[in-house]
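The values are calculated or read from the model by the stated rules, or taken from the named source; none is laboratory data. Since the structure is predicted, the reported quantities are computational estimates derived from the model, not experimental observations. FYI the Cβ positions are ideal-geometry reconstructions off the backbone, even for glycines, and counts take in every protein chain you see. For the accessible areas, the whole protein counts, side chains as well, though only heavy atoms, and no ligand, DNA or RNA atoms are used. Shrake-Rupley method; radii C 1.70, N 1.55, O 1.52, S 1.80 Å.
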Amino acid sequence: AQTVTQSQPEMSVQEAETVTLSCTYDTSESDYYLFWYKQPPSRQMILVIRQEAYKQQNATENRFSVNFQKAAKSFSLKISDSQLGDAAMYFCAYMDSNYQLIWGAGTKLIIKP
Amino acid sequence: DTGVSQNPRHKITKRGQNVTFRCDPISEHNRLYWYRQTLGQGPEFLTYFQNEAQLEKSRLLSDRFSAERPKGSFSTLEIQRTEQGDSAMYLCASSPRTAAYEQYFGPGTRLTVT
């Protein structure tokens, strides 16, 4: 069975600095999707970025980028120029062949002004 | 496009009572998913529908849980004889036919069983 592990329960970063959130996963499949979702306090889950496993190029969305290491089964999220609005729980998720999401436990990101 | 909506947003019930939640997906999204999220954890898959067909159910979904999606539109999730362990956020997501990997989430229904 696939699993997703986020080893950092909480991270903090100074506003305008860069932070990297870690995620590892386990699967025997070769084709899949990986996601980072953001869940602000008392608000709904928002997609931050998506990576297709067959693509070697790392996905980028404005200040958010990933470091996808397929062989190592690692999928980290880098947030550049951190803003106060980035404070949230960040979840790494794996999508299996049935399009079901399997989630990590989350990392709470604190932005220090 | 008004997004995925869920009602009610909060529900407090006494142990043993039945509760029903509703999810309205984004218009014309053919897939609909239910997840459960307990405090401090990531969501866990419960079940999903493609149109009106319920294609998969997690082992987390005991006999007390039932979900429907009549006519492939809105979906309901019912919990019978609620237990304190059912207290959680119940999330609904939908995805379009052309991009099944894109799941759009609703705000969730927070259930508290006293």
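Round to a whole angstrom and tell me the spacing of the C-alpha centers of region A:12-28 and region A:81-113.
9 Å
Calculate, for chain A, the solvent-accessible area per residue in square angstrom, rolling a 1.4 angstrom probe over the heavy atoms of the protein chains.
50 Å²
With a 1.4 Å probe and all protein chains left in place, how much of the accessible area of chain B comes from carbon and sulfur atoms, in whole percent?
43 percent
Relative to 2.2 N^0.38 Å, what does the C-alpha radius of gyration of the protein assembly as shown come to as a ratio? Two decimals please.
Working: Rg = 17.7 Å, N = 227, 2.2 N^0.38 = 17.3 Å.
Compactness ratio reported: 1.02.
Mind listing the phi-derived Karplus ³J(HN,Hα) values for region B:9-18, rounded to whole Hz, using 6.51, -1.76 and 1.60 with θ = phi - 60°, and x for any glycine or proline?
7, 9, 9, 10, 9, 8, 3, x, 7, 9
When Lys and Arg each count +1 and Asp and Glu each count -1, what net charge do the other residues less than 15 Å away from A:ASN62, Cβ to Cβ, add up to?
Its environment carries a net charge of +1.
Report, to the nearest whole %, how much of the accessible area of chain A belongs to carbon and sulfur atoms, 1.4 Å probe, protein only.
Whole-percent figure for carbon plus sulfur exposure: 45.
Convert each backbone phi in region B:69-82 into a coupling constant with the Karplus relation 6.51 cos²θ - 1.76 cosθ + 1.60 (shift: θ = phi - 60°), then list the ³J(HN,Hα) values in order as whole Hz, x for Gly and Pro.
For region B:69-82, the Karplus curve yields 9, x, 6, x, 10, 6, 10, 10, 10, 10, 10, 9, 6, 4 Hz.
Pop out the Kirkwood hydrodynamic radius of chain A from its pairwise C-alpha distances, inverse of mean 1/r, in Å to one decimal.
Numbers: mean 1/r = 0.0709 Å⁻¹.
Computed over chain A, the radius equals 14.1 Å.
Please find, in a Gaussian network model of chain B (springs between Cα atoms separated by less than 10 Å), the residue of B:GLU78, B:GLU44, B:GLU102 whose mean-square fluctuation is greatest.
Most flexible of the set in this elastic network: B:GLU102.
Net charge around A:SER12, counting only other residues with Cβ within less than 13 Å of its Cβ (Lys, Arg = +1; Asp, Glu = -1)?
Counting the neighbours of A:SER12, the net charge comes to -2.
Determine the per residue accessible area of chain B with all protein chains present and a 1.4 angstrom probe, expressed in square angstrom. It would help to have the intermediate numbers written out before the result.
Working: 5770 Å² over 114 residues.
Normalised by residue count, the accessible surface of chain B is 51 Å².
Taking N as the number of residues in region B:2-64, what is its alpha-carbon radius of gyration divided by 2.2 N^0.38 Å?
Normalised Rg, Cα atoms only: 1.24.
Please work out the ratio of the alpha-carbon Rg of chain B to 2.2 N^0.38 Å and round it to two decimals.
Taking N as the residue count of chain B, the ratio is 1.00.
Picking from B:PRO96, B:PRO25, B:PRO70, which is most flexible by a Gaussian network model of chain B using Cα springs under 10 Å?
The residue that fluctuates most here is B:PRO70.
So what is the diffusion coefficient of region A:74-113 in µm² per second by Stokes-Einstein at 20 °C and 1.002 mPa s, using a Kirkwood Rh over Cα pairs?
180 µm²/s
When we measure straight from the Cα of A:LYS108, which lysines land under 16 angstrom away, once same-chain ones fewer than 8 places off are left out?
Straight-line reach from A:LYS108, under 16 Å: A:LYS38, A:LYS78.
Rounded to the nearest 100 Å², what's the accessible area chains A and B bury against each other, both chains counted, probe 1.4 Å? If you can, show how the numbers build up before the last one.
On the way: alone 6400 and 6540 Å², together 11390 Å².
When A and B are taken together, about 1600 Å² of accessible area is lost.
Threshold 10 Å², probe 1.4 Å: give the residues of region B:39-72, in number order, that are less accessible with all protein chains present than with their chain alone.
B:GLY40, B:GLN41, B:GLY42, B:PRO43, B:PHE45, B:TYR48, B:GLU56
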